[in-house]
Amino acid sequence: MKALSPHLIEEIKALPARYPQPRSAVMPALDLAQEELGYLTPEAMTEVATALQLDAGYVEGVATFYTLFHLEPIGKHRFYMCTNLSCTLRGAEEIVEHLRGAIGVKEAGEVSEDGLFSYEEVECMGACEYAPMCRVDHRYHYDLTNEKVDQLVAEKRHPAFPPARARVAPHPSPARKAATRLGPTDLPSGGGGDAALPKKTRAPRKKKTDG
Amino acid sequence: MAEQRGTVGGPVLTEWFAKPDLHTLDVYESLGGYSALRKVVTTMTAQQVIDEVKISGLRGRGGADFPTAMKWSFVPKDHPGPKYIVVNADESEPGSAKDRYLMENSPHALIEGTAIASYAIGGHEAWVYIRGEYDLPYEMLRDAIAEAHAKGYLGDKPFGTDHALDVRLYRGHGAYICGEETALLESLEGKRAQPRSRPPFPAVKGAWGLPTAVNNVETLSTVPWIIRHGGVEYASRGTEKAKGTRMVTVSGDVQKPGNFEIEIGVTYRDIIEGLAGGMLPGRKLKVFWPGGSSAKVLPASMIDTSTDLDGLKALGTMGGSGGIIVMDDSHCVVKAAARLLRFYAHESCGKCTPCRVGSNWAVRTYHRILANEGSQLELGILERVSDGLQNGRCLCGLGDAAGWVIESTMRHFHDEYEDHCLRHTCNVGKALAHA
């Protein structure tokens, strides 16, 4: 039974003070729990509820409403594949079919045998000018082709693999490293790492630290 | 890095987008950024800010097209205690990507506009509700807010004055319905995002039960420009009733998809054939969604329609969130409508029965039609479901939008529906055979 680490519970208990009303801490707390465990177990949701002094059923009700909360195990790298209209017009369905083969799963939600990959079809992610597109490990990937999907999968499978043309910030941010932690729903450390790459430089992607 | 696809150096919103490192406070300020906020907090009253924005004629760019100054003026001035500006950065309308484009290029413009809006309603704290999938814009806003605090532009004494201003971030977790303002407020309060019944309106009872104005990213990003150049200058652009410029996202079967800043009043031909480079080689325009998937479709014959917001309303459709989805003659309208209904059914929050049940009825009906099991019966079901979803039978616009997709595609492409339902053939096969 996966449960949350004591220091995370303490972190969750400190969340409500950041908001005008404590209940707003539910989603940031579930976010932290999910970052630690990979997905939200019933025990984790109960622990979040206890830490926030809420009903466990209420917390589960929130978790089940939002698509970015996972209640089943997911792969280490989750592909969120947009198949809404703009992406479908540009061939998203074929891309998804190719992805299934590339990561070795038969259907959405299934985790590959090595535990590395899973995917789901999601609705519009607001990058329609780059259709078809997807989101993996907190980054968008644009103008997908079968080749790009293969490269992306290889890159995730072997982190040292030369980078695909992954999406990075339009401009480098000198302030990024010094940025203060403003919100509890910040990405885990390193999550924003590749955004700090200098413009036009194809340096190797920094690997996101998972959990 | 992915190249920017869209307007740089446009008249208002994208004015400075060609400048490298615009997302940093130093560059933004060197071009004139934060001069509007400085002017507002040091020399203007809240009412003067509202008046200036009223002169500009700025209307909400999230889709509802409501006059921004009027929305701010609804927030009670004499209310003791906190009042909030909530920024709707939950852009999830299919076909719309302009808020992402604005935030990734110029996060400080949004922060400056948000702070000005807070001042205008007499509030001190603003919350940006940003969709969870927008990792990069979130990080950029987070860093930009930290920079603004470090400079003393936000905080207890912005520009040395006594009107404290702060901008906070809250991440969504994947729900289209959060783009609807009362559902967004529910979500911000840590609940399932289900729209509230109105009244009370958010201006009276909004975030955490307190007076609130909810504004779109693009709307607020426009405000600093209006303060810098004056409302009259902004109102000199656009049409008689719909002032200014706005962003549109063009996606789908065009040569150059992108986010473009347009002066309101240009035609869809200007956008699709001009800015977006026209159709793909050898293909012809069939249909387009003029303002996100929720706007009623317009067939190719109506490409000369103006982007004037009132004109679109008169046609029964809308400029909406500016997401223009373009489809050519190689795609089937029935399949496209079926895909969109799957979206609306998936995103229905479940609160109102017509939307929850109707959208799923439509999905099942489309499923039968596309499996060549359709008949006159299915056509009738779609018509009835479409009617049942519309006309204010639901608390928010999601149900209506689902109905509009069915109704407008059936109205303009009834022959394709008949081909599918009665003859079990697809019109697109014919179009391709002739190509």
May I ask you to verify whether A:THR88 is free of Cβ contacts under 8 Å to residues at least 60 places away in the same chain and in the same structural domain as A:LYS148 (by TED's automatic domain parsing)? yes
Go through region A:97-141 and give me each residue that's over 17 Å from A:LEU85 (Cβ atoms) and of a type in the set (Ser, Thr, Tyr). A:SER112, A:SER118, A:TYR119, A:TYR140
Would a scan of region B:332-350 turn up a residue that is farther than 21 Å from A:CYS124 by Cα and either out of contact with any strand residue (DSSP E or B) (no Cβ under 6 Å at 6 or more places or on another chain) or in the same structural domain as B:ASP65 (by TED's automatic domain parsing) (or both)? no
Note on region B:291-334: residues more than 14 Å from chain A (Cβ to nearest Cβ) and among the β-branched types (Val, Ile, Thr) are B:ILE303, B:THR305, B:THR307, B:THR317
Return yes when B:GLY113 is on the phi < 0 side of the Ramachandran plot and either touching a helix residue (DSSP H, G or I) at 6+ places or on another chain (Cβ under 6 Å) or in a helix (DSSP H, G or I) (or both) and no when it is not. yes
Just wondering, is there one or more residues in region A:28-42 that are surrounded by fewer than 20 Cβ atoms within 10 Å (Cβ to Cβ), out of contact with any strand residue (DSSP E or B) (no Cβ under 9 Å at 6 or more places or on another chain) and closer than 18 Å to B:GLY252 by Cα? no
Can you tell me which residue in region A:6-21 is farthest from the other protein chains (Cβ to nearest Cβ), limited to those that are under 20 Å from B:VAL128 (Cβ atoms) and part of a helix (DSSP H, G or I)? A:ALA17
Within region A:141-157, which residues are under 20 Å from B:THR249 (Cβ atoms) and either more than 7 Å from chain B (Cβ to nearest Cβ) or out of contact with any Asp or Glu (no Cβ under 9 Å at 6 or more places or on another chain) (or both)? A:HIS141, A:ASP143, A:LEU144
How about region B:76-110: which of its residues are away from chain A (no Cβ under 12 Å) and either buried (at least 24 other Cβ atoms within 10 Å of the Cβ) or part of a strand (DSSP E or B) (or both)? B:ILE85, B:VAL87, B:ASN88, B:ALA109, B:LEU110
Hey, could you check region B:10-28 for residues that are free of Cβ contacts under 8 Å to residues at least 60 places away in the same chain and on the phi < 0 side of the Ramachandran plot and say which is nearest to the other protein chains (Cβ to nearest Cβ)? B:PRO20
How about region B:413-427: which of its residues are touching a helix residue (DSSP H, G or I) at 6+ places or on another chain (Cβ under 8 Å) and not in a loop (DSSP other than H, G, I, E, B)? B:ASP415, B:GLU416, B:TYR417, B:GLU418, B:ASP419, B:HIS420, B:CYS421, B:LEU422, B:ASN427
Can we say B:ILE226 is away from every other protein chain (no Cβ under 12 Å), at pLDDT 95 or above and touching a Leu at 6+ places or on another chain (Cβ under 9 Å)? yes
Provide a single number: the residues in region B:239-279 that are within 14 Å of another protein chain (Cβ to nearest Cβ) and either small (Gly, Ala, Ser) or not in a helix (DSSP H, G or I) (or both). 18
Scanning region A:65-91 residue by residue, those more than 8 Å from chain B (Cβ to nearest Cβ), assigned to a loop (DSSP other than H, G, I, E, B) and of a type in the set (D, E, K, R) turn out to be A:GLU72, A:LYS76
If we scan region B:210-218, do we find a residue that is within 14 Å of chain A (Cβ to nearest Cβ) and farther than 26 Å from B:ALA97 by Cα? yes
So B:HIS163 ticks every box in (1) free of Cβ contacts under 8 Å to residues at least 12 places away in the same chain; (2) touching a His at 6+ places or on another chain (Cβ under 8 Å); (3) of a type outside the set (Val, Ile, Thr) but one. Which box is left unticked? (1)
From the list B:VAL232, B:VAL217, exactly one residue is touching a residue at least 60 places away in the same chain (Cβ under 8 Å), farther than 30 Å from A:LEU68 by Cα and β-branched (Val, Ile, Thr). Which is it? B:VAL232
What number of residues in region B:175-205 are β-branched (Val, Ile, Thr), more than 14 Å from chain A (Cβ to nearest Cβ) and part of a helix (DSSP H, G or I)? 1
Among what's in region B:349-399 and is among the small types (Gly, Ala, Ser) and outside any helix (DSSP H, G or I), pick the residue that is surrounded by the most Cβ atoms within 10 Å (Cβ to Cβ). B:GLY374
Selection from region A:54-112 of residues farther than 30 Å from B:ALA337 by Cβ and basic (Lys, Arg) yields A:LYS76
Restricting to region B:162-174, give me the number of residues that are over 13 Å from B:ALA126 (Cβ atoms) and either within 13 Å of chain A (Cβ to nearest Cβ) or among the hydroxyl-bearing types (Ser, Thr, Tyr) (or both). 4
Please work out which residue is farthest from A:PHE69 (Cα to Cα), limiting yourself to region B:116-132 and to residues that are assigned to a loop (DSSP other than H, G, I, E, B) and touching a Phe, Trp or Tyr at 6+ places or on another chain (Cβ under 7 Å). B:ILE121
Considering residues of region A:116-140 that are at the interface with another protein chain (Cβ under 9 Å from one of its Cβ atoms) and not in a loop (DSSP other than H, G, I, E, B) only, the residue nearest to B:ASN259 (Cα to Cα): A:GLU129
Residue check, A:GLY104 of a type outside the set (S, T, N, Q) and assigned by TED's automatic domain parsing to the domain that holds A:GLN34: no
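The values are calculated or read from the model by the stated rules, or taken from the named source; none is laboratory data. Computed from a prediction, not measured in an experiment: that's the story for all the values here. Methodologically, a virtual Cβ is constructed for each residue, glycine included, from the backbone with ideal geometry; neighbour enumeration extends over all protein chains shown.
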